[in-house]
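Only one structure is covered here, and it is reproduced in the block below.
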Amino acid sequence: MGKKSSRRRSENPRISVCLIARNEERFLAQCLKSVQTVAAEIVVVDTGSTDRTVEIAESFGAKVGHFEWKDDFASARNASLDLATMPWAFVIDADEKLMDSSVASLLRAIEHNPPGRGIRPFQVSDGSINLLPARIFPRGGVRFRYRLHEQPFENGRPLPSVDAPQVRLWHFGTTAEVRETRAKVDRNLRIARLQAEEMPDDPHAAMCLFWALIDQDSASDEAVAVGNAILQRFGVNEERTIYLLFRAHRARKEEAQAQRVLQLSLSQGSRHRYFLFERARHLVASQRAEEALALLDEALAQRPEVEGNPRELTQMIRGVRGVALEAMLDLDGAKREYRWLLSERPGDPRAMAGLQRVEQLRRALAGGTEV
């Protein structure tokens, strides 16, 4: 590392890399090293570190500002934007890094970005991929809003943005160890409660409180009550809330309520593959295999989503499709599904058990035995 590292800074005169940090010595050097080739300047706003965070930032030639923490991520983000001087801002967290394979994609995304649009990168961690809010945008009049899960706004409206699947940030801070060390769960819940009190009519503030409650205890009475209140008041357009409320009811062994949430979402137009899969799985268990098969085929006909783990979801869909075909006595079809699953996941116990059942059924039918 050392002072000389700043000399490797990009000659691109357009991008201010902006981040906020507090006690981030564990990850900060990796973060700053990853953005050197795209940054004309690096801005680090420290919110009260007691470790080597500031020293590390300065060693990379960063412009360091100091901001008194106020339980408000948007205010801290805006303080970093205030120190930036380049036409473009690239906002990154101290526990993230720009993946090497994404450097050229980021520069191309800026080069070809539609006027007045932000760019939404993807965050990668432990096999999952999540689409982030706009993190790269013309700095101009953009300001962040919301104390928690802050969002970029311009002229009082959410910043229009385009997705950039090839621009990916690796996230270090999602492991249980890191989350526990940082006490993120308790902090986020405290901020979410404050935000919801200040913005009682704002759906994003309500959802932030629900998400924070789920993080603390996914089966708590309060979490489920808040999630259902969001559905009743604001509707079912936010798929993450639907997903988490479904999982919360299931964690409480309230399968009827979980299915009610799914049915409501599907009836109002959501066709997310995961929702179709979970509804189909319930129908198979309820001996309604033909209905389930229609939903599974619809899910397979869709283009896989870019978030989460789409390949794993496809495998689960094909596995349940095998069970549905088996229940309908389409044994050749079921066998094809189980064999496909084994080609994807050799030794998969559910696929192997399915093949055994298919052969047993075939022998029973050939021998005239009642199935």
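The values are calculated or read from the model by the stated rules, or taken from the named source; none is laboratory data. Keep in mind that this is a model prediction, so the values were computed, not measured. Here the Cβ is made from the backbone with ideal geometry for all residues, glycine too, and neighbour counts use every protein chain on show. Just so you know, the surface numbers come from the protein's heavy atoms only, side chains and all, with ligands and any DNA or RNA stripped out. Shrake-Rupley method; radii C 1.70, N 1.55, O 1.52, S 1.80 Å.
Name the strands (runs of 3 or more DSSP E) wholly within the stretch 36-129 that hold at least 1 residues that are at pLDDT below 95 and out of contact with any Asp or Glu (no Cβ under 9 Å at 6 or more places or on another chain)?
On the way: elements: 41-46, 63-66, 88-91, 96-98, 118-125.
Qualifying strands (runs of 3 or more DSSP E): 118-125.
Checked against the criterion of being at pLDDT below 95 and either among the β-branched types (Val, Ile, Thr) or not in a strand (DSSP E or B) (or both), the stretch 148-168 contains one or more residues that satisfy it.
Residues in the stretch 41-60 that are in contact with a strand residue (DSSP E or B) (Cβ under 7 Å, 6 or more places away or on another chain) and surrounded by 17 or more Cβ atoms within 10 Å (Cβ to Cβ): how many? So the answer is 12.
Evaluating residue 145 against the criteria (1) open to solvent by 60 Å² or more (accessible area, probe 1.4 Å); (2) over 19 Å from the mean Cα position of the chain (by Cα); (3) at positive phi leaves one unmet condition, (3). Against the condition at pLDDT 95 or above, surrounded by fewer than 21 Cβ atoms within 10 Å (Cβ to Cβ) and in a loop (DSSP other than H, G, I, E, B), how does residue 133 come out, does it pass? Yes, satisfied.
Among the residues that make up the stretch 180-192, is at least one of them free of Cβ contacts under 8 Å to residues at least 12 places away in the same chain, surrounded by fewer than 13 Cβ atoms within 10 Å (Cβ to Cβ) and assigned to a helix (DSSP H, G or I)? Within the stretch 180-192 (the criterion being free of Cβ contacts under 8 Å to residues at least 12 places away in the same chain, surrounded by fewer than 13 Cβ atoms within 10 Å (Cβ to Cβ) and assigned to a helix (DSSP H, G or I)), the answer is yes, since at least one residue qualifies. Contact map, the stretch 66-92: residues that are open to solvent by 10 Å² or more (accessible area, probe 1.4 Å) paired with residues that are in a helix (DSSP H, G or I), Cβ distance under 7 Å, separation 6+ or inter-chain. Pairs shown: 67/76; 67/79; 71/190; 71/191; 71/194; 88/110. When residue 14 is tested against (1) open to solvent by 40 Å² or more (accessible area, probe 1.4 Å); (2) under 26 Å from residue 192 (Cβ atoms); (3) touching a residue at least 40 places away in the same chain (Cβ under 8 Å); (4) not acidic (Asp, Glu), just one condition goes unmet, and that condition is (2). Within the stretch 69-82, if we keep just the residues that are under 16 Å from residue 137 (Cβ atoms) and of a type in the set (A, V, I, L, M, F, W, C), the residue that is farthest from the chain's Cα centre (by Cα) turns out to be 81.
The listed residues are 347, 333, and the only one of them that is in a helix (DSSP H, G or I) and at pLDDT 95 or above turns out to be 333. Within the stretch 337-367, being charged (D, E, K, R) and open to solvent by less than 50 Å² (accessible area, probe 1.4 Å) holds for 337, 348.
Among the residues of the stretch 15-35, those identified as within 27 Å of residue 111 (Cα to Cα) and either out of contact with any Leu (no Cβ under 9 Å at 6 or more places or on another chain) or part of a loop (DSSP other than H, G, I, E, B) (or both) are 20, 30, 33. A single member of 225, 229 is of a type in the set (A, V, I, L, M, F, W, C), without any contact (Cβ under 8 Å) to a residue 24 or more places away in the chain and within 20 Å of residue 269 (Cα to Cα), and it is 229.
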